[in-house]
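K.L.:
Sharing a structure with you now.
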Amino acid sequence: MLTTADGERYEGGFKRDQRHGYGTLESPDGSKYMGEWKLGEMHTESKTAKLVNADGSKYDGAFKDGARSGHGKMVYSGGDSYVGNWRGGKKHGVGIYAWARGQNFKGKWQDGKMHGNGTLAYPDGRVYEGGFMDNLPNGHGTLTARGNKITGKWQDGVLAQRWVAREGQQHLEAISGDGPDRVVLPLPAPACEG
């Protein structure tokens, strides 16, 4: 076992005086990494690694160049969880995020944000399915609430246009500012970083 001047303890393989192969690193703050290394960086080739952070959050999955990359599961100290793809330490690709308060999102992520098609389910039973951009419903989507469906174009979580039928054809119709047809989705709780 190697103990550094700043209190880190490492047990495992080395190559060219750098952590390499399988090893375990324990930091003075209580965090612990168990997995593969590549020339000093956390980097899984064939197996998944485990990381327990000082705050109690836990990650089980792939690493590349020292950051979460590939498929993995993160359970945050507050009870939220994410299972899906990562890139550069951020949620990226397809994944499922479940908030401890009952919301959940299943869909595409880009650089740590809900971005692309997805489904956001609220604890009260409402479900939005459609486009997202920067964590908010944007683009075409459908809100289902108590058996009723509202389909239209959303902008930053607000219904901007809704589909209406006239003379047997569907048309998008603009929603006026604060009129009775205005629908505003509650903002999803912030997703934990990393």
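The values are calculated or read from the model by the stated rules, or taken from the named source; none is laboratory data. A quick note: this is a predicted structure, and the numbers were derived from the prediction, not measured. Cβ atoms come from the backbone with ideal geometry, glycine included; neighbour counts cover every protein chain shown. The area values use the complete protein model at the heavy-atom level, side chains included, leaving out ligands, DNA and RNA. Shrake-Rupley method; radii C 1.70, N 1.55, O 1.52, S 1.80 Å.
K.L.:
Looking at (1) of a type in the set (Gly, Ala, Ser); (2) closer than 17 Å to Met74 by Cα; (3) open to solvent by 50 Å² or more (accessible area, probe 1.4 Å), can you tell me which one Gly35 breaks?
P.N.:
(3)
K.L.:
Got a sec? Which strands (runs of 3 or more DSSP E) wholly within segment 87-194 have at least 1 residues that are among the aliphatic types (A, V, I, L, M) and surrounded by 11 or more Cβ atoms within 10 Å (Cβ to Cβ)?
P.N.:
Once the strands (runs of 3 or more DSSP E) in segment 87-194 are filtered for at least 1 residues that are among the aliphatic types (A, V, I, L, M) and surrounded by 11 or more Cβ atoms within 10 Å (Cβ to Cβ), what remains is 90-98, 113-121, 127-133, 136-145, 148-155, 158-166, 169-174.
K.L.:
In segment 38-64, what count of residues is obtained for those that are polar (S, T, N, Q), touching a residue at least 12 places away in the same chain (Cβ under 8 Å) and open to solvent by 60 Å² or more (accessible area, probe 1.4 Å)? Break it down stepwise before answering.
P.N.:
Kept after step one, since they are polar (S, T, N, Q), are these residues of segment 38-64: 44, 46, 48, 53, 57.
The next check asks that each one be touching a residue at least 12 places away in the same chain (Cβ under 8 Å); those that pass are 44, 48, 53, 57.
Remaining after also requiring open to solvent by 60 Å² or more (accessible area, probe 1.4 Å): 48.
Result for segment 38-64: 1.
K.L.:
Could you say which residue among Gly125, Gly139 is at positive phi and in contact with a strand residue (DSSP E or B) (Cβ under 6 Å, 6 or more places away or on another chain)?
P.N.:
Answer to the check: Gly139.
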